[in-house]
Amino acid sequence: MTTPIRSEPLYRAADLRRIEAAAAAQPLMQRAGEAAADLATSLSRFEGGAVLILAGPGNNGGDAFVAARHLRQRGFAVSVVFLGEISRLPEDAAAAYRDFDDDGGSALEAIPSGPRWSLIVDGLFGIGLQRPVSGPFAAMVTAANALALRHHCPLLALDCPSGLDADTGRRCGETIRASHTITFIAGKPGLFTGDGPEYCGSITHAALDLHAERLAPPSARTIGSDLFAAWLRPRAKNTHKGSFGNAGVLGGASSMVGAVFLAGRAALKLGSGRVYLGLIDARAPALDPLQPELMLRRPEALLATALSALACGPGMGGSDEACELLLRACALELPLLLDADALNMLAREARLQEAVRARAHRGAVTLLTPHPTEAARLLAGDTAQVQADRAGAALELASRYRALAVLKGCGTIVAAPDGRWFVNTTGHPALATAGTGDVLSGMIVALLAQGWPGLEALLAAVHLHGAAAEERVASGCGPVGLTAGEIIDSARLCLNHCPPVSQPLDCAWPLARRARLLRSAWLVRVARRFACTPPCSSWPRCSFLPRSTRPPNTSAPISPYRCSSGRATWCTW
Ligand SMILES: NC(=O)C1=CN([C@@H]2O[C@H](COP(=O)(O)OP(=O)(O)OC[C@H]3O[C@@H](n4cnc5c(N)ncnc54)[C@H](OP(=O)(O)O)[C@@H]3O)[C@@H](O)[C@H]2O)[C@@H](O)CC1
Ligand SMILES: [K+]
């Protein structure tokens, strides 16, 4: 399993500007360029090989000039192609160019044809991208992508791939398809949602000696198990099935009964004490032979059952009967999850919308889990609009329906009506198959039934659902042909292996801070050993992952490179 342990802060460009302003006195561009050069050194296919660096007209180009100078000094054959006017460079970038020039470097106007590139570095645009990449910039992006493919060399993007909107994850014209991205100061939401994961490759974070959260509150967070670890309590000994809630699933119109079975099986295996299914199809079987623990009922009987939480929508259809059942479900005072057909009915029926909003007034939790097309229906827009700003769409859903909202897809977004939002970093394209949404609904309702709060249940289920797909693919079951039902056992495995809040994480920082205050070299050594994996020379400036929270059996390196200066040596994604 490669489940991220810690949630990380994410900043939109406007919020990052606040951090940059607060730290304006610090040589951030020098640190960014140096961290980029460190990573470039470890990525380059040949020591001292030919490195192509693209520099743009803003500060992203400045980072590129600093990196170029360092790489030249380390013996690489560096070619910098600069698109812009030197006289119009911003102040920091102009200084970076002068240093590069003074060091004997020169900027070219076109990509030289001779060398076999060992590495390509993209420093065209970062968070300052304003419009679609076109004209000579687009030609440069196309050429860089083609060269990286032809020369089988890594393509390293500085801060974010040029052409990718770092706020939204939307492609804006021609876009660099990076194999690696080094992102500065803090993560940006667009790297993790929409087109971001496809275009960023492997993401490394260089904090540039800043602690972003001390300078500005984050715009959002990635989902890590620390966000819900408090609810991962060991089961008490003196318990019984009644201690873990009654989950209900309502749906299963004619020819769509399987959706309810999938949700029900997932609810059972994610720990709900009892699971009841209400099937609309009058000819539905009375038993799930593969999961006889599930209790099948007529929908009316399900709504009369003492449930702890209810999911409505899997295979529900859109009949008048389904709509009436949904209205009755909305009147119940229990956590209510609406998915699939229930969302389509909600988009269509004003009285349902009223009923959902009324739940918020009564303090009843409602959760919506649309995919982008369902979200578009709920927002009376189109799918492209939703995908253009996934976080914006999820927040709008949460506020319009006064409900917790999940916008599914690559980099699932979880949004709360109070404006908080989260981006999931687990998952796999193997999930793009029928029934995986039903499984997610079952997982969520299981956690709700066990008494989890709505937001934590959503965060955990979304995170574990993605982790389960990764686990299935890693074990050879997929990506092609992975079925929704196969995810359920892995989700159970992931839940049972999910680490609760770790002690070292909580106690290492205070210990380390105290050590620094006391200037005790011995205590510092102890704190460092306790906290860092691997022990890191740049402590306490680096971020550390406690040994005990390292994902078991992970093949992914925690720290893919270690810089010679001991600066910015960490990667958490
Ligand atoms: N500030 C700091 O402290 C630090 C900043 N850092 C680095 O700076 C980056 C942000 O720098 P930035 O704000 O200068 O923006 P950047 O991404 O270089 O682009 C702006 C330029 O591009 C132009 N332009 C935009 N879109 C275009 C298009 N489609 N086609 C053509 N031109 C287009 C735009 O022109 P304009 O729109 O003004 O005409 C302007 O000239 C950040 O990502 C990080 O890498 C790090 O060093 C850490 C410290
Ligand atoms: K870039």
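Per residue, the convex hull spanned by the Cα atoms of region 276-330 measures out at 88 cubic angstrom.
Relative to the dominant Cα principal axis of the chain, helix 521-531 is inclined by about 50°.
Scoring 321-329, 434-442, 101-109 by mean Cβ neighbours within 10 Å over their residues and listing the highest first yields 434-442, 321-329, 101-109.
Computing FRET efficiency as 1/(1 + (r/R0)^6) for Asp489 and Glu300, where r is the C-beta to C-beta distance and R0 is 35 Å, gives about 0.60.
Each label point was placed 7 Å from the Cα along the Cα-to-Cβ direction; for Gln353 and Ala432 their separation is 3.1 nm. In a fully extended conformation the segment linking Leu232 and Gln73 would gain 52.2 nm over its present Cα-Cα distance, using 0.36 nm per residue. Here the scattering of region 9-223 is modelled by Debye summation over its C-alpha atoms, one equal scatterer each and no solvent; at q = 0.13, 0.15, 0.17 Å⁻¹ the log10 of I(q)/I(0) is -0.64, -0.87, -1.14. Calculate, for Arg88 and Arg45, the FRET efficiency according to 1/(1 + (r/R0)^6) with r their C-beta to C-beta distance and R0 35 Å; round to the nearest 0.05. With R0 = 35 Å, the Cβ-Cβ based efficiency is 0.55.
Note on Lys408: lysines with a C-alpha under 24 Å away, same-chain residues under 8 apart excluded, are Lys188, Lys269. Take the Cα radius of gyration of region 245-497 and divide it by 2.2 N^0.38 Å, N being the number of residues; the result is 0.91.
In degrees, nearest 10, range 0 to 90: what is the angle between the Cα axis of helix 13-22 and the longest Cα principal axis of the chain? Compared with the principal axis, the helix lies near 50 degrees. Our summary gives the chain a relative contact order of 14 percent, counting only alpha carbon pairs under 8 angstrom and 6 or more residues apart. Based on the Kirkwood radius over alpha-carbon pairs, what value in µm²/s does the Stokes-Einstein equation return for the translational diffusion coefficient of the chain at 25 °C and 0.890 mPa s? Answer, rounded: 97 µm²/s.
Take Ala138, project a point 7 Å from its Cα along the Cβ direction, then tell me which residues of region 85-106 have their backbone nitrogen under 14 Å from it. The answer is none, because no backbone nitrogen lies closer than 14 Å to the label point. Antiparallel beta bridges, as assigned by DSSP with both residues in region 245-497, represent about 20 percent of the total such bridges.
Taking one quarter of the surface of the C-alpha convex hull of region 309-446 gives a mean projected area of 7.7 nm². Between Asp102 and Gln385, the FRET efficiency from the beta-carbon distance, with R0 = 30 Å, is close to 0.05. Listed peptides 240-247, 153-160, 254-261 appear in the order 153-160, 254-261, 240-247 once ranked by packing, highest mean of other Cβ atoms within 10 Å at the front. Among beta bridges identified by DSSP and lying wholly in the chain, the antiparallel ones come to about 15 percent.
Each Lys or Arg adds one and each Asp or Glu subtracts one; over the other residues with Cβ under 15 Å from the Cβ of Ala358, this totals +4.
The relative contact order of region 245-497, computed from alpha carbon pairs under 8 Å that lie at least 6 residues apart in sequence, is 20 percent.
Computed from Cα atoms, the angle from the helix 320-330 axis to the main principal axis of the chain rounds to 80 degrees.
Report note on the peptides 110-121, 266-277: ranked by the mean count of other C-beta atoms within 10 Å, highest first, their order is 266-277, 110-121.
From its DSSP helices (H runs of at least four residues, each -39,500 (n - 2.57)), the chain gives a residue-normalised ellipticity at 222 nm of -12500 deg cm²/dmol. From the alpha carbon centroid of region 189-203 to that of region 134-168 is 13 Å.
Taking a sphere under 9 Å around the Cβ of Gly33 and counting the other residues whose Cβ falls inside, with K and R at +1 and D and E at -1, yields a net charge of 0.
We did not get these values from a lab; they are worked out from the coordinates using the rules stated. Fair warning: this is a prediction, and the values are worked out from it, not measured in the lab. Cβ sites come from the backbone with ideal geometry, for glycine too, and all protein chains shown count toward neighbours.
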